[in-house]
Amino acid sequence: MEATEDPVPLSALQHWIYCPRQCGLIHLEQQFEDNVHTARGQAVHHLVDMPGYEVKRGVRVERALPLWSDRFGLIGKADLVEFHPDGRIYPVEFKHGRKRGRIHDDIQLAAQAMCLEDMLGRPVPQGAIYHASSHRRREVDITEDLRALVNETADAIRAMLASGILPPPVNDARCRECSLREICQPEMLAQQIQMDRLKQYLFSPDDEISP
């Protein structure tokens with residue numbers, strides 16, 4: 001990241017992996033709408049939104065901990081970070097819903113781990129996603145592949161923000177749960193893109209129209 005560039009919010013990484021257009025609507029055009037899924041997510045995050053700490057069985061638990069990394073060009077906060085007596089640092093990201101693996105959740109956790117490493121100078125090899133509906137944790141290894149995905153995604157987001165160009169709609173199963181569906185209008189835009197491609201195919205600039 002160049003010094004003149006603004007850091008990428010950690011939440012933008014999750015938005016991009018879920019859907020680049022959703023990321024663009026939120027972080028480029030500053031658009032956002034609530035639906036039942038975002039409301040549930042906000043309710044879960046209220047549990048850890050107030051900064052503070054407590055000690056449980058010798059483990060210091062920090063809530064809403066600000067995070068940043070000049071090295072990776074990232075900024076945000078962690079829902080919860082555990083500091084264990086043996087020196088282990090363990091970020092925990094809260095999500096609504098049942099326990100299931102989602103790469104767009106994992107990349108946000110990996111970015112938190114990378115920020116913590118940069119801030120504290122200590123390795124963070126693992127973290128967890130806490131799934132509120134099932135009250136269960138899913139442990140995530142912060143692998144080299146996941147770290148590379150964080151950097152690649154952050155670069156893609158920076159390129160989008162620099163270009164000012166909103167990514168095209170995906171118009172697939174993801175759209176059903178997206179709170180921005182009415183703003184995005186994926187079906188209409190996807191049809192328009194198809195029509196434009198068809199016109200380009202049928203009426204190529206190389207075609208000559210007979211008099």
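The values are calculated or read from the model by the stated rules, or taken from the named source; none is laboratory data. Keep in mind it's a predicted model, so treat the numbers as computed, not measured. Counting neighbours? That spans all protein chains shown, and the Cβs are built from the backbone with ideal geometry, glycine included.
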Under 8 Å between Cβ atoms, at least 6 apart or on separate chains: pull out the pairs that start in the stretch 120-136 with a residue that is closer than 25 Å to Gly87 by Cα and end on any residue that is modelled with pLDDT of 90 or more and part of a loop (DSSP other than H, G, I, E, B). Arg122/Gly87; Val124/Ile142; Pro125/Ile142; Gln126/Ile142; Gly127/Ile142
Helices (runs of 4 or more DSSP H) contained in the stretch 1-54 and holding at least 1 residues modelled with pLDDT of 65 or more and basic (Lys, Arg): 20-27
Look at Ile165 and say whether it is outside any helix (DSSP H, G or I) and either surrounded by fewer than 18 Cβ atoms within 10 Å (Cβ to Cβ) or out of contact with any Cys (no Cβ under 8 Å at 6 or more places or on another chain) (or both). yes
Output the number of residues of the stretch 52-72 satisfying the condition of being closer than 14 Å to Gly121 by Cα and among the aliphatic types (A, V, I, L, M). 1
Does Ile89 count as buried (at least 19 other Cβ atoms within 10 Å of the Cβ) and either closer than 13 Å to Leu13 by Cα or in contact with a Pro (Cβ under 6 Å, 6 or more places away or on another chain) (or both)? no
Give the stretch 55-72 a look and list any residue that's over 26 Å from Ser133 (Cα atoms) and either at pLDDT below 65 or in a loop (DSSP other than H, G, I, E, B) (or both), or say none. Gly58, Asp70, Arg71, Phe72
Which of the residues spanning the stretch 133-160 are aliphatic (A, V, I, L, M), surrounded by 18 or more Cβ atoms within 10 Å (Cβ to Cβ) and either over 17 Å from Tyr18 (Cβ atoms) or in contact with a Lys or Arg (Cβ under 7 Å, 6 or more places away or on another chain) (or both)? Ile142
